[in-house]
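What follows is a single structure, written as C-alpha cells, with notes after it.
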Amino acid sequence: MKCKVCSRQAQTQSEYCEFHEKAYQNISQKFEVWKRASGVDWKEYLREVAKNQFTGTWAKEVAESLLSKEA
C-alpha cells in the first residue's frame, strides 16, 4: 500500500509512510495542547498547522491531506 500523501510505501497498519506517520502522530498529540490553550477545533488547528511558516513539510502535507479529507 502506498502512503496517501506521497508515493512511498505505507507503514503496516497505517495510511502513511514512516515520515508522514510521524508527522501525523505529532499533529494529533499536539492538538489537545492547542485546544486547551486557544479553544480551536480540529479543522481550525489543521489550518493553523498548514499555514505556519515553522511547520515542517511533512506535517504541512499531512494537515493539508486531512483538511481535504474533511471538506
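The residues of segment 11-32 that are hydrophobic (A, V, I, L, M, F, W, C) and surrounded by fewer than 19 Cβ atoms within 10 Å (Cβ to Cβ) amount to a single one, Phe31. When the residues of segment 33-62 are filtered to those that are of a type in the set (Asp, Glu) and out of contact with any His (no Cβ under 9 Å at 6 or more places or on another chain), the one that is surrounded by the fewest Cβ atoms within 10 Å (Cβ to Cβ) is Asp41.
Laboratory data are not the source of any read-out in this text; all were calculated from the coordinates shown. Nothing here was measured: the structure is a model prediction, and the numbers come from that model. Methodologically, a virtual Cβ is constructed for each residue, glycine included, from the backbone with ideal geometry; neighbour enumeration extends over all protein chains shown.
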